[in-house]
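Quick notes on the structure that follows.
The values are calculated or read from the model by the stated rules, or taken from the named source; none is laboratory data. Quick caveat: nothing in here was measured; it's all calculated off a predicted structure. Glycine also receives a Cβ, built like all others from the backbone with ideal geometry; neighbour counts cover every protein chain displayed. Accessible surface areas use protein heavy atoms only, side chains included; no ligands, DNA or RNA. Shrake-Rupley method; radii C 1.70, N 1.55, O 1.52, S 1.80 Å.
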Amino acid sequence: MRVLFTTWAWPTHYQPMVTLAWAFRAAGHDVRVASQPSLMPTVRASGLTGVPIGSDRQLTPVVDALLAVDPAVRGDGRTSRIVSGYAAIAEVMADPLRDLMERWRPDLVVFEESTYAAPMVARLLGIPAVRHLWGVDILSYVRSFEPAALAPLAERLGLDVLDTTGLVTVDHCPPALQVPGAFDRLPMRYVPFNGSGTLPAWSGAAPRMPRICVTYGTTSSRLSHYAFVLDRIVAAVADLPVEVVATVAGSDLHRLTGAAGNVRVVERMPLHTLLPHCDLLVSQAGPSTALTAVSCGTPQLMIPQLPDQKLISALVAGAGAGERLEIGDATVETIRAAAQRILATPGHRESARRLQDESRRLLAPAEVVRTLTRAGALASA
């Protein structure tokens, strides 16, 4: 069976699909990943076969315009800026994606949820398509804006019916973090892919005191309306009787020079190898970050800025597995006080473990492959 995974060139939207793609490969299927050329190094690093489509030159101005939108500014209620931005990406991707699908003829297309071109082209060509979430299904809240935003592309492709959810949606959130939606859902256990790496010797040793992991993702440097708070977080928790591990992107290492002696600064250590030995994660609540913590049973202190971060942090905090601070309230003092509360409250750890148990009870990726293989065969028959 030929399976095409596709997303626009944003690594954090691609990485949650890697474990399912590898499950297809392990089951003997032919898997390829289609995206713009700039994502190909990330695809290669994940061990999968990439197929470059279109050009970054076409996509860059669209993505730049999308990233320039201040998430704190409300829209006019008649359109969704995020849906309009993803619709513009679909316009760029549709033709090269159609060329690839016509040449390779996949039996199944698995698409990241904001890559609207994939289900539209797949429907045109009669190929079953499966939607894969990158985090919590935030686009369910703006689905009513999709028909108008995608109407020009649907007309160009000659589609009478618009379907952006596909045959089924692979949802890797445990039930407590799922949002309602009018679509068929296939829950899957979240198996983190945070990249590869070489583990330092100290990482396998039990910490001598409570360990706090601090990270703030890799997106911040690309967003003009995103406040950098990693240095503030490290300063807040470094005063506590704890061990701090700050895992940061290489471009941010210089911001943490002169950190206290109980702070260990590392470059891009895969979180799933670190969090099982941590008592607290302090982060931006990026979907992959937050769900990795859920899979490891680690309580969280979340300081979100983007809409999807705000949604998942509200759900995690609502489940009792941590606390959330608004960015405007996140001072050194409030961060330190919140971290102390979480460390001193056994209920947060218990709730984090409950979320972990919920996640572990969901279908493993290999079981999802078997389900999708049967579904794809039925849909294409």
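Database remark: amide H of residue 35 closer than 5 angstrom to the amide H of 51, 53 (H placed geometrically; neighbours at sequence offset of 5 or more, or on other chains; Pro and chain starts carry no H).
Residues considered: 291, 124, 39. Largest GNM mean-square fluctuation over the chain, using C-alpha springs under 10 Å, is found at 124. The string of couplings for the range 39-51 from the Karplus curve (6.51, -1.76, 1.60, θ = phi - 60°) is 8, 4, x, 5, 5, 4, 5, 7, x, 10, 8, x, 10 Hz, one whole number per residue in order, with x for Gly and Pro. Of all DSSP bridge pairs formed entirely within the chain, close to 0 percent run antiparallel. A dipole drawn for the range 26-179 from +1 and -1 charges on Cβ atoms has a positive end, and of 59, 147, 122 the residue lying farthest that way is 59. Short-range pairs are left out: with C-alpha atoms under 8 Å and at least six residues apart, the relative contact order of the chain is 16 percent.
Relative to the longest principal axis of the Cα atoms of the chain, the long axis of helix 307-318 lies at roughly 60 degrees. Counting every alpha-carbon pair across the range 1-152, the share separated by more than 23 Å comes to 34%.
The equivalent ellipsoid of the chain has semi-axes of 36, 22, 19 Å, largest first, where each one is the square root of 5 times an eigenvalue of the Cα gyration tensor.
Put simply, the range 253-381 fits an ellipsoid with semi-axes of 32, 17, 15 Å; these come from the alpha carbon gyration tensor as the roots of five times its eigenvalues, largest first. Of all the options 166, 54, 261, the one that moves most in a Gaussian network model of the chain with Cα springs shorter than 10 angstrom is 261. Take the Cα of residue 156, step 7 Å toward its Cβ, do the same at residue 327, and the gap between the two points is 3.2 nm.
For the chain, the solvent-accessible area with a 1.4 angstrom probe is 41 square angstrom per residue. The helix-only estimate of mean residue ellipticity at 222 nm for the chain, built from DSSP H runs of length n ≥ 4 each weighted as -39500 (n - 2.57), is -12500 deg cm²/dmol after division by the residue total.
Between 0 and 90 degrees, the angle of helix 146-157 with respect to the longest Cα principal axis of the chain falls at about 40 degrees.
In debye to the nearest 20, how big a dipole does the range 105-149 give about its Cα centre with +1 on each Lys and Arg Cβ and -1 on each Asp and Glu Cβ?
Around 140 debye, computed over the range 105-149.
Once the Cα atoms of helix 287-296 and of the chain are each reduced to a long axis, what angle between those two axes, in degrees from 0 to 90 to the nearest 10, is obtained? Once rounded, the angle reads 60 degrees.
Taking every DSSP bridge with both residues inside the range 112-246, close to 10 percent are antiparallel. The relative contact order of the range 39-134, computed from alpha carbon pairs under 8 Å that lie at least 6 residues apart in sequence, is 22 percent.
The listed peptides 310-317, 57-64, ordered by packing as a protection proxy, come out as 310-317, 57-64 (highest mean of other Cβ atoms within 10 Å first).
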